[in-house]
1. Per-residue counts of other Cβ atoms within 10 Å, averaged by peptide: what ranking do you get for 88-96, 38-46, highest first?
2. Mean 1/r over all different Cα pairs, inverted: what Kirkwood radius does the range 48-91 give, in Å?
3. Give me the Å³ per residue figure for the convex hull around the C-alpha atoms of the chain.
4. What's the FRET efficiency of Arg39 with Asp18 using the Cβ-Cβ distance as r and R₀ = 25 Å, to the nearest 0.05?
5. Considering the dipole of the range 1-98 built from charges on the beta carbon (Lys and Arg +1, Asp and Glu -1) around the Cα centre, which of Val31, Val74, Pro6 is farthest to its positive end?
6. Straight distance only, please: which aspartates and glutamates reach the Cα of Lys99 with their own Cα at less than 13 Å, same-chain residues fewer than 8 apart left out?
7. Within 12 Å, Cβ to Cβ, of Lys99, how many net charges do the neighbouring residues add up to if Lys/Arg are +1 and Asp/Glu are -1?
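Please treat every number below as a calculation from the coordinates, not as lab data. Predicted model, so just to flag it, every value in this text is computed and none were measured. A quick note on method: Cβ atoms are made from the backbone with ideal geometry, for glycine too, and the neighbour counts reach across all protein chains shown.
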Amino acid sequence: MITGFPSPAQGYESKGIDLNQVLITHPSATVFMQIKSSRYRHMGIYDGDLLIIDRAKAMNPNSLVVYESEGHFVLGRVFNIKAETVITGAITHVIHTVKEV
């Protein structure tokens with residue numbers, strides 16, 4: 001014997017969210033980088049944040065990118081970077097972990 005009423009949400013169940021599908025446009029050209037510095041707080045990027053970097057994304061002068069400088073990876077906007085600088089890729093997403101105080 002079945003009793004009770006059917007759930008009003010029945011038939012509206014959503015599928016799980018596939019973060020690869022949501023966050024990654026070019027899977028074979030995407031890399032991840034974890035920040036180990038508090039140097040980029042003014043950009044809203046904090047120590048421990050995970051960057052998703054797309055090496056195939058078209059960039060414009062205001063794109064936030066990762067580039068090489070003196071043997072280190074640095075974050076910056078394209079318009080601030082010297083022409084001969086090697087750009088690793090454009091930052092498409094920042095995954096920030098909320099820290100409990």
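1. Numbers: 88-96: 16.7, 38-46: 13.0.
My ranking of the peptides, most packed first, is 88-96, 38-46.
2. Working: mean 1/r = 0.0943 Å⁻¹.
Here the Kirkwood hydrodynamic radius works out to 10.6 Å.
3. Details: hull volume 19.8 nm³, N = 101.
Convex hull volume per residue, Cα atoms: 196 Å³.
4. Values: r = 32 Å, r/R0 = 1.29.
Computed FRET efficiency for Arg39 and Asp18: 0.20.
5. Of the candidates, Val74 comes out farthest on the positive side.
6. Asp47, Asp49
7. Numbers: positive: none; negative: Asp47, Asp49, Glu100.
Residues near Lys99 contribute -3 overall.
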